[in-house]
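I have a structure here, written as structure tokens, and I will follow up with some questions on it.
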Amino acid sequence: MGFFDNMRKPQGKLGNIQLKSMNKEHTPVSLWGLKHLDIQPDDIILDVGCGGGININRMAEKAKKVYGVDYSIESVNLSKEVNEKLISEGKVEIYEGNVKSLPFEENTFDIVTAFETVYFWPDIEKCFGEVKRVLKPGGMFLIGMETNGSDNWIMKFWNHFIDMEMHNDEEITSFLENNDYSQITVYLRDGKNKKEIIKSNGSEKTVDDYYNHVSVSDRFVQWVTVTARK
Ligand SMILES: C[S@@+](CC[C@H](N)C(=O)[O-])C[C@H]1O[C@@H](n2cnc3c(N)ncnc32)[C@H](O)[C@@H]1O
């Protein structure tokens, strides 16, 4: 299993090293994505494709309970390690599982998050339906991506090596619409000008976004967060 395959499904020692690196390298885009979630103390959250588990750790600071799921045993193991204390306190649970068929009852979660993972989901539209099944009515699905499609020289380069499908915000929106999600809102980061473009209900506005986590990635690629309700 090589470096590029490990982005899709981390395995072995190299997979573990890459997951630890992702916990660090994805921090700017993940924290920017999390800005768009208003986590309440009663919330039960599921992080799908949880990778190295750092986002579970962050969300558990505010939520009642956070679950993580990933189809890579390497990801499950590291997520358990990173959240060891919270697991012993009963605040976090991590499971091995595929987003195609989540190992949870319907209407279970207030929030489902997916950071840097939807590129790898098989039949993404169907998977969005599976996420909806486990969301409570009115629950929120948040998708975080470090690129708006592959129409960018950096992403074209990555796409050449990694087996992944990068969708833009319009495609993500249509997958959500086809699953009858409501209140779909797209947030696009304009890192160069420290602005954020917000698309919702067919209208678009630009607001200041002085988010300043050290990162060069938002100068070259457009970050995307999409939220939608069941
Ligand atoms: C690039 S990593 C991102 C990890 C983490 N969310 C982050 O932001 O750092 C993608 C993760 O999604 C997981 N993944 C990919 N496809 C999946 C699927 N069909 N079901 C569950 N997990 C999946 C991979 O195993 C990997 O841990």
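What follows draws every value from the coordinates through simple rules; no lab data is involved. This one's a predicted model, so the numbers in the text were calculated from it and none came from an experiment. In this analysis, Cβ positions are derived from the backbone assuming ideal geometry, glycine residues included, and neighbour counts consider all displayed protein chains.
Counting Lys and Arg as +1 and Asp and Glu as -1, what is the net charge of the other residues whose Cβ lies under 11 Å from the Cβ of GLN183? Write out the running numbers ahead of the final one.
Working: positive: ARG229, LYS230; negative: none.
Around GLN183, the surrounding residues sum to +2.
Separate question: In what sequence do CYS127, CYS50 fall when counting other Cβ within 10 Å, fewest first?
Numbers: CYS127 22, CYS50 29.
With the fewest neighbours first, CYS127, CYS50 line up as CYS127, CYS50.
Among bridges DSSP assigns within the chain, what percent are antiparallel (round to 5)?
On the way: 23 of 42 bridges.
Close to 55 percent.
Further, regarding this structure: Do any of LYS156/LYS230; LYS85/LYS230; LYS20/LYS62; LYS136/LYS156; LYS91/LYS136 go past 27 Å between their Cα atoms, and which?
Over 27 Å Cα-Cα: LYS156/LYS230; LYS85/LYS230; LYS136/LYS156.
Zone of GLU125 (label point 7 Å along Cα→Cβ, backbone N under 17 Å): which residues in the range 155-187?
Flagged as within label range: 165-182.
While we're on this one: For the chain, set up a Gaussian network in which alpha carbons nearer than 10 Å are linked by springs, and say which option among LYS80, LYS195, LYS132 fluctuates the most.
Highest fluctuation among the options: LYS195.
Please arrange TRP153, TRP121, TRP158 by counting, for each residue, the other beta carbons lying within 10 Å of its beta carbon, fewest first.
TRP153, TRP158, TRP121
Simple spin-label model, 7 Å along Cα-to-Cβ: GLU96 to PHE220 in nm?
3.5 nm
Starting with the fewest neighbours, write out PHE157, PHE4, PHE109 ranked by other beta-carbon atoms found within 10 Å of each beta-carbon. Walk me through the numbers on the way to the answer.
Values: PHE157 11, PHE4 14, PHE109 27.
Taking fewest neighbouring Cβ atoms as first place, the list is PHE157, PHE4, PHE109.
Rounded to the nearest 0.05, what FRET efficiency is calculated for PHE3 and GLN40 with R0 set to 41 Å and r the Cβ-Cβ distance?
Numbers: r = 39 Å, r/R0 = 0.96.
With R0 = 41 Å, the Cβ-Cβ based efficiency is 0.55.
With runs of 4+ DSSP H residues as the only contributors, calculate the mean residue ellipticity of the chain at 222 nm using -39,500 (n - 2.57) per run, divided by the residue total and rounded to the nearest 500. List each step's numbers first, then the result.
On the way: 10 runs with 81 residues, N = 230.
So the calculated ellipticity at 222 nm is -9500 deg cm²/dmol.
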